[in-house]
Structures are given as C-alpha cells and as structure tokens.
1. In the range 35-65, what residues are in contact (Cβ under 8 Å) with a residue 40 or more places away in the chain and of a type outside the set (A, V, I, L, M, F, W, C)?
2. Checking the condition in contact with a helix residue (DSSP H, G or I) (Cβ under 9 Å, 6 or more places away or on another chain) and modelled with pLDDT of 90 or more, which residue from E34, E65 passes?
3. So for the range 37-46 (the condition being surrounded by fewer than 11 Cβ atoms within 10 Å (Cβ to Cβ), at pLDDT 90 or above and either assigned to a helix (DSSP H, G or I) or more than 16 Å from the chain's Cα centre (by Cα) (or both)), does at least one residue qualify?
4. For residues that are polar (S, T, N, Q) and part of a loop (DSSP other than H, G, I, E, B), scanning just the range 62-112, find the one that is farthest from D51 (Cα to Cα).
5. Would you confirm whether any residue within the range 66-82 is of a type in the set (V, I, T) and farther than 30 Å from G46 by Cβ?
6. With basic (K, R) and either at pLDDT below 90 or outside any helix (DSSP H, G or I) (or both) as the only criterion, which of R115, R131 stands out?
Amino acid sequence: MMLVFASLAAVSFGIGATFAALGPWLILPFAGLEMVALGLAFMLCGRGAGDFERIRILPHLLTVEHVRGGRQVVHQFNPHWAKLEIARGSLSIRVLLSQAGRTLELGQYLGFQQRSAFATAFKAAYGKAGRA
C-alpha cells in the first residue's frame, strides 16, 4: 500500500513540478493537499486490513479470537454449555454463540454467501464434536 501511495505521490508531484516550472506554481500546494487527502483515505481504508477472527474447538474449550484495529480480544466458552444459534433472514444471516448471558456474533468479516457457508461448516464441526 505504501508503494502505491509513494508512486501516486511521485507522479502527482512530478506533474506539479513540471507545471510549476512552466509558470503556474500554485499547482504544488494543491498537489500537496491531494496527497494529504489520499493519504488519509489510504489510512482509513487500511485500518481494518489486518482484522480477523480465529475459532478453535477443543474438547473442553471453545475459543474465539478477534483482532480488530490491532486490538486482540479472546472469548472463551465451555462447548458443552454454549448454545449455537443461526438466525437466517431474507438478506442476512447471523451466527450467534451464547453462554451464561453473553452472546457473541461469529463471521462478522464475511459476506452473505461466505457467512452462509461458514454457518453450515461451523454447525457441522460443532455437532461432530458432540456439542450441538
């Protein structure tokens, strides 16, 4: 991402310097503003690039690890007591895991089709372990 940004900045400032050398020097501050705006856009879009969710099912522990914005949160459930609920709507699907009054939505980073496949696969894995 930094390489793309550096390339765009070099092209923009190169064009700006060429025009500034021909007379209209005010193009350089606008090229700078353009790069600041583009840099902010890259930062906002890239914030969630490293976000993920990891789920581990062990015989006596179900662990869900969320990493969002560089911050890691680990949720632990007893797989024998946790309840799996798949709520399907016409345009949405939610995979919910709940235990002792707390509920966690799984598959938040997936689109509708991927979440549907995830719900099916997770329900099978959860059931195969004798927990459904």
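The values are calculated or read from the model by the stated rules, or taken from the named source; none is laboratory data. Every value quoted in this text rests on a predicted model; they were computed, and no experiment measured them. Here the Cβ is made from the backbone with ideal geometry for all residues, glycine too, and neighbour counts use every protein chain on show.
1. Within the range 35-65, G46, D51, E53, P59 qualify.
2. E34
3. So far as the range 37-46 goes, yes, one or more of its residues are surrounded by fewer than 11 Cβ atoms within 10 Å (Cβ to Cβ), at pLDDT 90 or above and either assigned to a helix (DSSP H, G or I) or more than 16 Å from the chain's Cα centre (by Cα) (or both).
4. Residue satisfying both the conditions and the ranking: S90.
5. no
6. R131
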